[in-house]
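Peer 1: Pasting a structure here, questions to come.
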Amino acid sequence: MDFFSYRQQALFAEDVAASSIAADYGTPCYVYSRAALEQHWQAFDRAFGAHPHLICYAVKANSNIALLNLLARLGSGFDIVSLGEMQRVLAAGGRPGDIVFSGVGKREDEILAALKAGIRCFNVEVSGELDRINELAGQVGVLAPVSFRVNPDVDAKTHPYISTGLKENKFGIDIDSAIHEYRRAAAMPNIKVVGIDCHIGSQLTGLNPFLDALDRVLAVVDLLAAEGIKLQHLDLGGGLGIRYRDEFPPSPEEYVAALLQRLGGRDFEILLEPGRAIVGNAGILLTKVEYLKPTANKNFAIVDAAMNDLLRPALYSAWQDIVPAELADSGQELEWDIVGPVCETGDFLGKGRLLKLAPGDLLAVRSAGAYGFSMSSNYNSRPRAAEVIVDGNSCHLVRERETVQQLWAGERLLP
Ligand code: LLP
């Protein structure tokens, strides 16, 4: 079900008109639907039925603490990649024992803080990281739970910038070295081997790469079992794609059913780390048309959101739908490049969009809940957007628009 839809001519987020959100909180403004968020998380959770599992939402997709809190209330675990993300999860009421820590470059202070918090598992990606965790766990006097992120060398068939499971990528440990690392880990005094992990990329729209990766992970699991190294969980990462335009990704139900079938009765607990599939289509970005600038070659609609607010179009040439908040009866439909005010030619939200536009119109960029606000910046000294969560007919401001003063709050003049 789509929680952003038209009633008569007006775009609504659940039961609240987009135009009234813009009037109350200004633009640019991210708007998330609580119902969509919860439904998407529950789709993963329910698909497992009685099979032991934990859905660890990938915090990087959208790390607003109100959103993390809603997921924690549902019983979500969390996949983090930094101390900052861990602190957000804890501030949002997430349980430390349901946190897995991914990432290729964990610093000492990050590992120490995670050990002290008592997280569920470190997903180890570098040989030296294992030694570092063992040493720090010894200092703290705890047993560190680890799993290795293996790089299964499968092609996720997605954008090269978000493909992570090929041997030329920096992520994970190749399968042959992984066996060696597991043997080392099993012999370390302060390490407890608990699982195995892989994540091959993001915005995957087919099942085969996931299943190929699982086959390769299972081959390692069987080899380890033969050596007496028994694992409790398999973490299969995130990556399930969403529909931006005309993609047909498998549903969470289809995806989980295929995984369980391929597991063939093995009773490992399964962890997943979905980000985009939970929050991507639970959010939109509202932006106002400032000026229309028709030129001899192109028509530009200059809006008040820019690449600093939503980087995906500029960085990956990502296509996200752009729709009007009010459907106009009159006016001429023209092809517009929807561009921001930032001083870069790459600053666009969409190109060649057929729209009836007038200055002052409100537009919504769809599918903006994932990797939208979380990748935003202050480039061009632009304060970051407000964030709002709609819940039925009520609207909650969950992040105030940044002020210009906040931008230089930590800066100092020379004496
Ligand atoms: N687990 C790990 C270890 C990851 O690196 C990622 C995403 C996820 C889980 C969540 O993946 P998801 O379910 O969201 O596909 N900025 C890019 C996406 C980068 C994804 C990075 N890793 C974009 O806007 O398309």
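The values are calculated or read from the model by the stated rules, or taken from the named source; none is laboratory data. Bear in mind the structure is a predicted one, so any value in this text is a computation, not a measurement. All Cβ positions, even for glycine, are placed from backbone atoms using ideal geometry, and neighbour counts span all protein chains on display.
Peer 1: Kindly list the number of the only condition in (1) farther than 20 Å from residue 193 by Cβ; (2) basic (Lys, Arg); (3) part of a strand (DSSP E or B) that fails for residue 149.
Peer 2: (1)
Peer 1: Restricting to strands (runs of 3 or more DSSP E) lying wholly in region 317-362: which have 3 or more residues that are in contact with a helix residue (DSSP H, G or I) (Cβ under 9 Å, 6 or more places away or on another chain) and closer than 22 Å to residue 161 by Cβ?
Peer 2: The strands (runs of 3 or more DSSP E) meeting that bar are 348-355.
Peer 1: Filter region 252-308 for residues that are more than 15 Å from the ligand (Cβ to nearest atom), hydrophobic (A, V, I, L, M, F, W, C) and assigned to a loop (DSSP other than H, G, I, E, B) and give the result.
Peer 2: The answer is 268, 296, 305, 306.
Matching residues to (1) more than 14 Å from the ligand (Cβ to nearest atom); (2) assigned to a helix (DSSP H, G or I):
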position: 210; (1), (2): no, yes
position: 213; (1), (2): no, yes
position: 218; (1), (2): yes, yes
position: 223; (1), (2): yes, yes
position: 230; (1), (2): yes, no
position: 238; (1), (2): no, no
position: 244; (1), (2): no, no
position: 250; (1), (2): no, no
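Peer 1: Could you name every one of the strands (runs of 3 or more DSSP E) located completely within region 1-55 that has at least 2 residues being surrounded by fewer than 23 Cβ atoms within 10 Å (Cβ to Cβ)?
Peer 2: In region 1-55, 4-7, 10-13 are the strands (runs of 3 or more DSSP E) which contain 2 or more residues that are surrounded by fewer than 23 Cβ atoms within 10 Å (Cβ to Cβ).
Peer 1: So if I check each of 285, 263, which one is more than 12 Å from the chain's Cα centre (by Cα) and crowded, with 24+ Cβ neighbours inside 10 Å?
Peer 2: Working: 263 fails: crowded, with 24+ Cβ neighbours inside 10 Å.
Of 285, 263, the one residue that is more than 12 Å from the chain's Cα centre (by Cα) and crowded, with 24+ Cβ neighbours inside 10 Å is 285.
Peer 1: Hey, another quick one. Considering 97, 105, which residue is loosely packed, with under 14 Cβ neighbours inside 10 Å, not aromatic (Phe, Trp, Tyr) and not in a helix (DSSP H, G or I)?
Peer 2: One residue alone meets the criteria, 105.
Peer 1: Of all residues in region 364-393, how many are among the hydrophobic types (A, V, I, L, M, F, W, C), away from the ligand (no atom under 12 Å from the Cβ) and part of a loop (DSSP other than H, G, I, E, B)? Quick ask: steps written out before the conclusion?
Peer 2: Initially, region 364-393 is screened for residues among the hydrophobic types (A, V, I, L, M, F, W, C), giving 364-365, 368, 370, 373, 375, 385-386, 388-390.
Among the residues that remain, those that are also away from the ligand (no atom under 12 Å from the Cβ) are: 364-365, 385-386, 388-390.
Still in the running and part of a loop (DSSP other than H, G, I, E, B): 385.
The total comes to 1.
Peer 1: Given the condition within 21 Å of residue 121 (Cβ to Cβ), free of Cβ contacts under 8 Å to residues at least 60 places away in the same chain and among the aromatic types (Phe, Trp, Tyr), answer yes or no: does some residue in region 163-186 qualify?
Peer 2: Yes, region 163-186 has at least one match.
Peer 1: Looking at region 392-411, is at least one residue among the β-branched types (Val, Ile, Thr), within 30 Å of residue 328 (Cα to Cα), surrounded by 14 or more Cβ atoms within 10 Å (Cβ to Cβ) and modelled with pLDDT of 95 or more?
Peer 2: Checked against the condition, which is being among the β-branched types (Val, Ile, Thr), within 30 Å of residue 328 (Cα to Cα), surrounded by 14 or more Cβ atoms within 10 Å (Cβ to Cβ) and modelled with pLDDT of 95 or more, region 392-411 yields no hits at all.
Peer 1: Within region 111-128, work out how many residues are touching a Phe, Trp or Tyr at 6+ places or on another chain (Cβ under 8 Å) and either of a type in the set (Val, Ile, Thr) or part of a helix (DSSP H, G or I) (or both).
Peer 2: Total satisfying the criteria: 4.
Peer 1: Can you give me the number of residues within region 321-355 that are surrounded by fewer than 21 Cβ atoms within 10 Å (Cβ to Cβ) and in contact with a Ser or Thr (Cβ under 8 Å, 6 or more places away or on another chain)?
Peer 2: Within region 321-355, residues that are surrounded by fewer than 21 Cβ atoms within 10 Å (Cβ to Cβ) and in contact with a Ser or Thr (Cβ under 8 Å, 6 or more places away or on another chain) number 2.
Peer 1: What residue, among those in region 356-377 that are in contact with a Leu (Cβ under 9 Å, 6 or more places away or on another chain) and farther than 27 Å from residue 274 by Cα, is surrounded by the most Cβ atoms within 10 Å (Cβ to Cβ)?
Peer 2: By that ranking, first place goes to 363.
Peer 1: Across region 145-202, what is the total count of residues that are out of contact with any helix residue (DSSP H, G or I) (no Cβ under 8 Å at 6 or more places or on another chain), polar (S, T, N, Q) and either modelled with pLDDT of 90 or more or more than 13 Å from the ligand (Cβ to nearest atom) (or both)?
Peer 2: Summing the residues that are out of contact with any helix residue (DSSP H, G or I) (no Cβ under 8 Å at 6 or more places or on another chain), polar (S, T, N, Q) and either modelled with pLDDT of 90 or more or more than 13 Å from the ligand (Cβ to nearest atom) (or both) in region 145-202 gives 1.
Peer 1: So, in region 149-162, how many residues would count as being surrounded by 22 or more Cβ atoms within 10 Å (Cβ to Cβ) and farther than 14 Å from residue 276 by Cβ?
Peer 2: Going residue by residue through region 149-162, those that are surrounded by 22 or more Cβ atoms within 10 Å (Cβ to Cβ) are 149-152, 154, 156.
Applying the additional criterion that residues be farther than 14 Å from residue 276 by Cβ yields 149-152, 154.
Of the residues in that region, 5 qualify.
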